[in-house]
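Student: My structure is below; once you've seen it, I'll send some questions.
Where a number appears in this text, it was derived from the coordinates with a stated rule and is not lab data. What you are looking at is a predicted structure, and each value in this text was computed from that prediction instead of being measured. Neighbour counts are summed over all protein chains in view; Cβ atoms, including those assigned to glycine, are modelled from backbone coordinates with ideal geometry.
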Ligand SMILES: Cc1cc2nc3c(=O)[nH]c(=O)nc-3n(C[C@H](O)[C@H](O)[C@H](O)COP(=O)(O)OP(=O)(O)OC[C@H]3O[C@@H](n4cnc5c(N)ncnc54)[C@H](O)[C@@H]3O)c2cc1C
């Protein structure tokens, strides 16, 4: 780690238009909370010629919505702000539970949720819940605006679908069906550490059966992944020990983990099974309340 950053030009525009006119791939980086960017600049893993701060652009720090309108948050909404927002506390327990597992309050107070996603680490704790809830990512360029499903946003480790002259402006989460229940599970070396494995489950029950299931796991592939075979297996079933056991075994098949300093691939795969089993159980219980 270097104490001194290499020289770079610093910009503080006051409009989104100016920001998108300045950004240029790896050469010109956007700064939101700076938690990840400054660390990587100190390590010289990222050496931008220019840094463009979002901090002086008004109106990007919103967290808005309600149970029927869905949820929206902007590029400067911090993890802490989202965790403590009324709309998330009332209607998006899955996202709140996931953010609560990020224990560093300093990180949550400075770090934005969109910054977390733009880093594109497969260990993001907020990505699996956003996958499970069907979130969309709004991306803006100088003359364009597009909205893509979050599953298309994550491309590879450290790589997103953001073009060299684009930024992310907003995350949009649809309203959740009535009768739904959710659970987020995280396994890490210490409470402060990033996930060895994480899992987000959202189920909707009707007439005692699982009408819909969305299961997403993290830290077990280059991007977060949906366990679609597991989802299909449990749909239409009563959520009992047998169906949950079968679905969680299928979820483990969706994982293609690596071994690294945090864990072995074998352990991670087995933990996907356990975490998804526990999360399905808990989500089913919560849906019945
Ligand atoms: C001690 C510590 C503990 C942590 N624990 C966890 C944890 O348990 N779980 C977890 O999921 N994460 C964890 N993190 C990661 C943390 O959540 C992220 O680093 C942080 O949220 C990044 O947000 P930021 O606003 O600081 O982004 P920045 O550092 O400002 O930006 C990060 C990257 O995204 C780009 N970027 C930012 N905003 C935009 C935008 N709007 N459009 C395009 N590109 C953009 C930047 O150019 C940069 O490349 C931890 C980090 C630390 C330092």
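Student: In region 119-137, which residues have a backbone nitrogen under 19 Å from the label point lying 7 Å from residue 156's Cα in the Cα-to-Cβ direction?
Tutor: Once the point is set 7 Å along Cα→Cβ of residue 156, 119-124 turn out to lie under 19 Å by backbone N, inside region 119-137.
Student: Here is a further query. Can you give me the C-alpha center-to-center distance between region 96-172 and region 195-216, rounded to a whole angstrom?
Tutor: Here the answer is 21 Å between Cα centres.
Student: Quick one: of the DSSP bridges fully inside region 1-150, what percent are antiparallel, nearest 5?
Tutor: Of all bridge pairs located within region 1-150, approximately 60 percent are antiparallel.
Student: Follow-up. Using helices alone, I'd like the mean residue ellipticity at 222 nm for the chain: each DSSP H run of four-plus residues gives -39500 (n - 2.57), total over residue count, nearest 500.
Tutor: So the calculated ellipticity at 222 nm is -10000 deg cm²/dmol.
Student: Ok, one more. What relative contact order, as a whole-number percentage, does the chain give when Cα pairs under 8 Å and 6 or more residues apart are counted? Don't jump to the answer; show the numbers that get you there.
Tutor: Working: 668 pairs, mean separation 44.1, N = 289.
Relative contact order, the chain: 15 percent.
Student: Can you work out the FRET efficiency for the pair residue 146 and residue 229, with r the C-beta to C-beta distance and R0 = 45 Å, to the nearest 0.05?
Tutor: That gives a FRET efficiency of 0.95.
Student: Could you work out how far apart the two model spin labels at residue 175 and residue 24 are, taking each label as a point 7 Å from the Cα in the direction of the beta carbon, and quote it in nm?
Tutor: If labels sit at residue 175 and residue 24, their model points lie 4.6 nm apart.
Student: A further question on this structure: Evaluate E = 1/(1 + (r/R0)^6) for residue 267 and residue 100, where r is the Cβ-Cβ distance and R0 equals 25 Å; express this FRET efficiency to the nearest 0.05. Don't skip to the end; give the middle numbers.
Tutor: Numbers: r = 25 Å, r/R0 = 0.98.
According to the calculation, E is roughly 0.55.
Student: Please list, short to long, the whole-number percent of alpha-carbon pairs of the chain in consecutive 5 angstrom bins beginning at zero.
Tutor: Answer for the chain: a P(r) of 1, 6, 12, 16, 18, 16, 13, 8, 5, 3, 1, 0, 0 percent.
Student: Then there is this: Residue 259 to residue 45: FRET efficiency via 1/(1 + (r/R0)^6), r the Cβ-Cβ distance, R0 22 Å, to the nearest 0.05? Could you put the intermediate results ahead of the total?
Tutor: Working: r = 22 Å, r/R0 = 1.01.
The formula returns an efficiency of 0.50 here.
Student: May I pose another question? What is the angle, in °, between the Cα long axis of helix 265-288 and the longest principal axis of the Cα atoms in the chain? Nearest 10 is fine, range 0 to 90.
Tutor: Value to nearest ten degrees: 70.
Student: Want the number for residue 249 to residue 285: 0.36 nm per residue separation, take away the alpha-carbon distance, what's left?
Tutor: Extending this stretch completely gives an extra 11.0 nm.
Student: Between region 28-65 and region 270-289, how many Å separate their Cα centres?
Tutor: For region 28-65 versus region 270-289, the Cα centre distance is 36 Å.
Student: Pulled fully out, how much extra length does the chain show between residue 119 and residue 66, if you take 0.36 nm times their separation in residues and subtract their Cα-Cα distance?
Tutor: Full extension from residue 119 to residue 66 adds 16.3 nm.
Student: Any idea how far apart residue 238 and residue 3 come out in nm if each label point goes 7 Å out from Cα toward Cβ?
Tutor: Placing both labels 7 Å beyond Cα along the Cβ direction yields 6.8 nm.
Student: Here's another thing I want to ask about it. Under a 10 Å cutoff between Cα atoms, tell me which one of 159, 72, 189 has the largest fluctuation in the Gaussian network model of the chain.
Tutor: 189
Student: Please find, in a Gaussian network model of the chain (springs between Cα atoms separated by less than 10 Å), the residue of 184, 154, 11 whose mean-square fluctuation is greatest.
Tutor: 11
Student: Sticking with this structure for a sec: Calculate, axis by axis, the spread of Cα positions in region 104-229 along the three principal axes, and write the results as whole Å, longest axis first.
Tutor: 50, 37, 28
Student: Output the 0 to 90 degree angle, nearest 10, between the alpha-carbon long axis of helix 241-254 and the longest principal axis computed from the alpha carbons of the chain.
Tutor: Value to nearest ten degrees: 40.
Student: Going by how many other Cβ atoms sit within 10 Å of their own, how do 268, 3, 43 line up, fewest first?
Tutor: 3, 43, 268
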